Amino acid sequence: MIDKNFLLESDYAVSLYEQFAAGCPIMDFHNHLDPELIAEDHRFEDITDLWLGGDHYKWRAMRANGVDEQFITGKAASYAKFEKWAETVQYAMRNPLYHWTHLELLRYFGISGTLNPCSARRIYDRCNAMLREEGFSVRGLLGKMNVRVLCTTDDPADDLRWHKAIAGDAGFTVKVLPSWRPDKVMAVEGGEEYRSYVSRLSEAAGIGIRCFQDLMDALSLRQEYFKSLGCCGADHGFRDFPDKDFTDADLETVFSKAMKGESISSDDAETFRSGMIYHLAKMNAAAGWVQQFHIGAIRNNNPRYFRQIGPDAGCDSISDGRVASGLSRILGKLDDEGALARTILYNLNPKDSETIMAMAYNFNDGSIPGKMQYGAAWWFLDQQDGIRRQIEIVSHGGLLSRFVGMLTDSRSFLSFPRHEYFRRILCNILGDDLEKGLLPKEEYDFIGNMVSGICYGNAMKYFNVSE
């Protein structure tokens with residue numbers, strides 16, 4: 001199924017992929033990998049631990065296939081869980097998990113056959129034997145995929161001890177950089193949980209937080225700490241995009257109510273989010289960071305699973321909230337003040353794709369190529385059709401040649417073949433255009449260099465990361 005021409009439907013597509021994409025290193029500028037596992041060069045117990053231990057994509061598919069929770073997040077034996085996944089894979093045909101599963105088996109373990117109930121035991125035993133070999137620890141897995149840079153997702157209150165340990169290890173050449181993810185700072189309606197978080201942030205910053213200005217001072221101190229460890233980007237997640245007028249006095253009033261344990265109305269929460277994203281975005285610009293806005297996830301929809309398992313249990317989905325007006329308000333205000341950072345916008349709801357692309361390009365200002373980006377197909381959209389559509393939209397409304405490319409957004413150390421998946425689709429689109437005469441054949445070398453830029457070089461320049 002997965003041969004050298006997988007997803008490549010023309011000679012031009014094959015040559016573009018082989019000459020300009022296949023050999024590119026990976027710069028993965030947004031993922032949820034655990035830096036502790038990298039620092040300690042963790043070795044997974046078995047393929048089930050490595051493959052199913054936190055992959056909510058697989059969990060959703062298994063539940064949909066009628067698999068009992070004991071075989072997903074429960075206490076069933078390792079092989080029993082793996083066998084249930086093998087049974088599910090057959091039923092996942094045309095889901096991207098089917099391709100990803102077999103790409104991962106091939107690229108990490110050299111297994112070219114299909115995973116199904118008949119092959120499960122053989123593949124399980126072979127993978128486990130290889131995981132005990134040299135080169136199959138976490139760092140070895142990263143090396144197999146030619147990963148050069150990873151940007152993890154980190155809270156401002158995190159101590160970043162594991163990033164410090166990695167940075168101090170001269171024998172490890174992959175750059176593992178923290179990313180600033182201050183979503184919890186904005187969750188002012190969270191009651192005791194919010195107050196507990198503010199206390200933790202206060203302790204990390206080493207200052208008391210009694211008012212809104214104290215909160216901003218604490219965040220500024222933590223930002224300096226993140227910068228000292230190589231942080232080059234911030235990431236922000238939104239169910240929809242906040243759209244309210246605010247003053248700093250409003251933010252002080254809402255924050256004070258929250259810290260006193262008073263009820264926070266939805267209107268107050270919206271005002272606070274609007275003000276916080278404005279202030280945080282100004283901080284991002286002052287730091288010289290890239291900021292990423294992930295818009296459109298409605299999380300923890302299943303209360304029973306949230307109680308049993310917690311967040312990231314495979315029960316998040318696509319919100320249908322408004323995005324354009326709030327984005328226009330905030331980006332316009334920041335641009336007016338000369339405080340708009342390099343920005344990547346992602347949407348989870350496909351209805352917002354053209355909206356987000358068009359909004360991003362309103363605020364390019366000629367200062368740097370590709371300052372405002374319409375980001376890669378994200379989460380429920382990072383499948384073959386979604387990736388193709390994202391490429392088409394950014395091509396039709398912007399400059400594909402300046403696009404910063406793909407990311408994994410994953411918690412799995414086996415997720416990096418998703419970059420290959422994206423690269424093959426990209427090369428197939430451009431190869432098809434060459435084949436049909438929609439792009440000039442005499443520009444083949446330029447197109448090839450465009451491919452390598454999208455696959456790797458553009459992101460390295462955009463995030464100001466050195467080799």
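So which trypsin sites (Lys or Arg not before Pro) in segment 108-142 are both in a DSSP loop and have at most 16 other Cβ atoms within 10 Å of their Cβ? Listed in order of number, the matching sites are Arg132. Would you tally the net charge around Gly288, using a Cβ to Cβ cut-off of less than 13 Å, leaving Gly288 out, and scoring K and R as +1, D and E as -1? For residues surrounding Gly288, the net value is +3. Subtracting the Cα-Cα distance of Asp365 and Arg200 from their residue separation scaled by 0.36 nm leaves 55.5 nm.
Solvent-accessible area assigned to carbon and sulfur over segment 382-455 amounts to 47 percent, based on a 1.4 Å probe. Charged side chains reduced to their Cβ positions (Lys and Arg at +1, Asp and Glu at -1) give the chain a dipole of some 700 debye around its Cα centre. Listed by chain and number, the lysines placed with their C-alpha closer than 29 angstrom to that of Lys257 are Lys184, Lys244, Lys282, Lys333; residues fewer than eight positions away on the same chain are left out.
Converting phi to 3J(HN,Hα) with the Karplus coefficients 6.51, -1.76 and 1.60 and the offset θ = phi - 60°, segment 385-398 yields 5, x, 5, 4, 5, 4, 4, 5, 5, 5, 5, 6, x, x Hz in sequence order, with x at every glycine or proline.
Take the Cβ atoms of Ala77 and Asn301, set R0 to 30 Å, and the FRET efficiency comes out at 0.50. Note on Lys81: lysines with a C-alpha under 27 Å away, same-chain residues under 8 apart excluded, are Lys58, Lys144. Heavy-atom accessible surface of Glu189, to the nearest 10 Å², is about 100 Å², with a 1.4 Å probe and all protein chains retained. Give the carbon-plus-sulfur fraction of the accessible surface of segment 1-85 in %, rounded to a whole number; probe 1.4 Å, heavy atoms of protein chains only. Carbon and sulfur together cover 44 percent of it. If you plug the beta carbon distance of Phe446 and Lys282 into 1/(1 + (r/R0)^6) with R0 = 35 Å, you get a FRET efficiency near 0.40.
In a DSSP loop and with at most 10 other Cβ atoms within 10 Å, the trypsin sites (Lys or Arg not before Pro) in segment 259-357 are Lys260. Near the amide H of Ser179, within less than 5 Å, lie the amide hydrogens of Thr152, Thr153, Asp154, all on another chain or at least 5 residues away, with H placed in the peptide plane.
Computed from backbone phi, the HN-Hα couplings of segment 55-66 come to 8, 6, 4, 5, 4, 4, 5, 5, 4, 5, 8, x Hz, rounded to whole numbers (Karplus: 6.51 cos²θ - 1.76 cosθ + 1.60, θ = phi - 60°; Gly and Pro given as x).
Once a ≥ b ≥ c are taken as the square roots of the eigenvalues of the Cα gyration tensor of the chain, is the result rounded (a/c under 1.5), prolate (a/b larger than b/c) or oblate (a/b not larger than b/c)? The shape class here is oblate. If you take the Cα centroid of segment 328-385 and the Cα centroid of segment 19-60, the two points sit 27 Å apart. Computing FRET efficiency as 1/(1 + (r/R0)^6) for Asp217 and Asp245, where r is the C-beta to C-beta distance and R0 is 35 Å, gives about 0.90. Between Gln292 and Ala234, Asp235, His236, Ile344, the built amide H atoms are under 5 Å apart, and every one of these is 5 or more places off in sequence or on another chain. Taking every protein chain into account, the 1.4 Å probe leaves Cys455 with about 10 Å² of accessible area, to the nearest ten. The loop-placed GluC sites (Glu not before Pro) in segment 267-354, going by DSSP, that have at most 14 neighbouring Cβ atoms within 10 Å of their Cβ come out as Glu337. Distance between the pseudo-spin-label points of Glu69 and Asp34 (7 Å out from Cα toward the beta carbon): 2.1 nm.
Across segment 210-217, computed HN-Hα scalar couplings (Karplus, 6.51 cos²θ - 1.76 cosθ + 1.60, θ = phi - 60°) run 10, 9, 4, 5, 4, 4, 5, 5 Hz from first to last residue, x flagging Gly and Pro. Candidate cross-link partners of Lys351 among the aspartates and glutamates, defined by an alpha-carbon separation under 12 Å and a same-chain spacing of 8 or more, comprise Asp320.
The values are calculated or read from the model by the stated rules, or taken from the named source; none is laboratory data. Small disclaimer: the values here were computed from a predicted structure and weren't measured. Counting neighbours? That spans all protein chains shown, and the Cβs are built from the backbone with ideal geometry, glycine included. Areas reflect the complete protein model, heavy atoms only, side chains present, ligands, DNA and RNA absent. Shrake-Rupley method; radii C 1.70, N 1.55, O 1.52, S 1.80 Å.
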